[in-house]
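A.B. asks: Handing you this structure, nothing more for now.
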Amino acid sequence: MEELIPWLYLKGISTGDFSEALAALVGKDAPGLSASTISRLKSGWQDDLEAWQKRDLSHKRYVSIWADGIHCNVRMEENQCLLVIIGATKDGRKKVIAIEGGVRESDLSWTEVLVDLKHRGLRKHRNFSCRDVLQSPPFLLDFLRLCFSR
């Protein structure tokens, strides 16, 4: 249930339709969730996201960084996309560093994300390289290198 509710929300189910959707998925005798409960849960998720987006990154070290914009139609305006930055640690683990809403993949949107990461303490590891995936703005690689230099 814990994973189902956010999934339904992302699929576009409105808060007033959750009870009906849950009954169809888990049975009519399943306890329903009121619109106020769903709103409270969404508020908690938003608080968690905001805390994650403000977390200190000064102790994090990545040997490689990938950046890309992901375009989707889930509860977003037409020109919006998700700006995603993923880092690989020296032991090969991939970690999501940032996910932010942006206007297309504009220079301004990327600049805001990267400057925020730098202000939160993200620094370049000595073996750092960065990779741009697909069609992110050409300036992005140079800006990543500049922002995260020692």
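A.B. asks: To the nearest 0.05, what FRET efficiency results for residue 116 and residue 28 with a Förster distance of 35 Å applied to their C-beta separation?
C.D. replies: So the FRET efficiency works out to roughly 0.15.
A.B. asks: Once you have the Cα-Cα distance between residue 72 and residue 49, take 0.36 nm times their residue separation minus that, and quote the gain in nm to one decimal.
C.D. replies: Taking 0.36 nm per residue and subtracting the Cα distance, the gain is 6.4 nm.
Every number in this text was worked out from the coordinates using simple rules, so none of it is lab data. From a predicted model like this one, the values you see are computed outputs, not experimental measurements. Quick reminder, even Gly has a Cβ in these numbers, built from the backbone with ideal geometry, and neighbours come from all protein chains shown.
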